Amino acid sequence: MEVKVNLGKDSYPIYIQKGILEHVIDYIQPIYQGKKIMIISDDQVYGYYGEKLFKQLESCYEVGHIIVPHGEQSKRFDILPSLYSQLLSFQLTRSDLIIALGGGVIGDLAGFVASTFLRGVKFVQIPTSLLAQVDSSVGGKVAVDLPEGKNLVGAFKHPLLVLIDPLTLKTLDERFIHDGMGEVIKYGCIFDHSLFQRLASYLSFEELYEDIDEIIYRCVDLKRDVVEKDLFDFGDRLALNFGHTLGHALEQYYHYEKYSHGEAVSIGMVQLTYIAEIQGLTPKGTSQLIKEVVEKYELPTQAHVSTQELKKAMALDKKNIHQKLSYVLLKEIGQCYIYPSDLTFIDVVKEI
C-alpha cells in the first residue's frame, strides 16, 4: 500500500507493507545517491532490527549508528550536543542522510537533529511502533522536550520517505500496542465514524491485527489529508490534538514516567468529552462510547489528578496562545470542531 503526501517540493511517499524492512535498500537507492547514512535508533529497537538494516545499507553506503536509551527521557533538549558530536565525528555532511529507526521518540528526536544539524540534513522515517506508524511519522512535526513541557522546541522537517512494516508490531511490548491504539481511536473519533465502529467491533487487538495494514493505511490517509490542508498546525490540523491538551498536561505532570503518550491521550479524549457533555457542547453519552472502546484496548480513562494541579501544566502548553486554548470537541463520533476557551473550561470537574 502506498500513500503520497502532496506538499509540492516537500512531497513524499509512505509505503505500508509487511516485510518491507527486508527490502529497505530497494527504496533508499532510487531517492538517495550520497555516500553516508547515519541510523539513529534506541537500545531496544536496534537490537531487533538494527543489524538487518545496517547490513543492507553497507552494501552501497558508509553507515554509522547512534543508539540512545529507549523512552521519552531520551527526547530531551540536553541530549542534543552528544548526538551532534557523534555526527561530526562521523563527518556527516549536508548531502548525506539520517534514518530514524524506532518509535515516536526516535522519529521526533532524529527528525529534529536532521532539521538542525548543518541547517538541515535529509532523513527517512522507519517507524516501528503503532503510534509512530499511524501518527507521528507522518506530517513533518519533529521536536524535543524541555523540563517545563513536551515538544516545546521543534521544527517542521519532512522525510524523503516513510517505510512502515507492520511486522515490527510483533516485537512491541503489549503496553505500547495499547499506546498506539489511543491514536488510532482518536482518528475514528474526530474524522471517521465507520473506523470507530470497526474498532468497536473487534474482540481484541489480536483480531484487529489481521486487518492491521488497512487500519494503518486509513489513519495515515486521514492524517495526509489534514497535513496537505494545514501544513503548519494553525487550522484544520488542530483537530489532531483531540485529547492532547489534557494528555500532554498529564504526561508533564508525571514527568513522562506514569503514562505513555497514547495512554494520556486516551484519558484526555474521555475526560474532555465528558466535560464538553456537561456544558452541552457534545451529545450526552459520547464519552461513554469512547470509554468503552478505549477500555477494550486496555487503555486508561481517568487519572484522578486534581483539575487545579493539571491547569498548571496546561498553562505551559505551546498551543496556549494569548491565554487561549483551542479545545477539540466532538459534534458526534466522527465529526469534530474547535472550541476556543481558557483554562477555566475544565473547572466543571474536580479531577481528571
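The values are calculated or read from the model by the stated rules, or taken from the named source; none is laboratory data. Just so it is clear, the structure is predicted and the values come from calculations on it, not from any experiment. A quick note on method: Cβ atoms are made from the backbone with ideal geometry, for glycine too, and the neighbour counts reach across all protein chains shown. Heavy atoms of the whole protein, side chains included, go into the accessibility calculation; ligands, DNA and RNA do not. Shrake-Rupley method; radii C 1.70, N 1.55, O 1.52, S 1.80 Å.
Across segment 1-59, the qualifying residues are those that are among the β-branched types (Val, Ile, Thr) and in a helix (DSSP H, G or I), and the one among them that is farthest from Thr171 (Cα to Cα) is Ile28.
Quick check on this structure: which one of Gln279, Gln271, Gln335, Gln302 is of a type outside the set (D, E, K, R) and closer than 22 Å to Val226 by Cα?
Exactly one of Gln279, Gln271, Gln335, Gln302 is of a type outside the set (D, E, K, R) and closer than 22 Å to Val226 by Cα, namely Gln335.
Considering Leu289, Leu250, Leu281, the condition of being buried (at least 16 other Cβ atoms within 10 Å of the Cβ), of a type in the set (A, V, I, L, M, F, W, C) and within 23 Å of the chain's Cα centre (by Cα) is satisfied by Leu250 alone.
Only one entry of Glu309, Glu295 meets the criterion of being assigned to a helix (DSSP H, G or I), free of Cβ contacts under 8 Å to residues at least 60 places away in the same chain, under 23 Å from the mean Cα position of the chain (by Cα) and surrounded by fewer than 14 Cβ atoms within 10 Å (Cβ to Cβ), and that entry is Glu295.
Taking (1) farther than 23 Å from Tyr48 by Cβ; (2) open to solvent by less than 40 Å² (accessible area, probe 1.4 Å); (3) hydrophobic (A, V, I, L, M, F, W, C) in turn, Phe205 satisfies each apart from (1).
Which residues, taken from segment 253-278, are more than 16 Å from the chain's Cα centre (by Cα) and among the aliphatic types (A, V, I, L, M)? Correct list: Ile267, Val270, Leu272, Ile275, Ala276, Ile278.
The condition of being surrounded by 22 or more Cβ atoms within 10 Å (Cβ to Cβ) and under 20 Å from Tyr327 (Cβ atoms) does not hold for Leu238. Regarding segment 52-62, can at least one residue be identified that is closer than 30 Å to Glu148 by Cα, crowded, with 18+ Cβ neighbours inside 10 Å, out of contact with any Cys (no Cβ under 9 Å at 6 or more places or on another chain) and not acidic (Asp, Glu)? No: segment 52-62 contains no residue that is closer than 30 Å to Glu148 by Cα, crowded, with 18+ Cβ neighbours inside 10 Å, out of contact with any Cys (no Cβ under 9 Å at 6 or more places or on another chain) and not acidic (Asp, Glu).
Being modelled with pLDDT under 95, closer than 27 Å to Arg175 by Cα and basic (Lys, Arg) is a property that Lys296 has. Scanning segment 258-291 for residues that are small (Gly, Ala, Ser) and part of a helix (DSSP H, G or I), we see that the one that is farthest from Thr245 (Cα to Cα) is Ser287.
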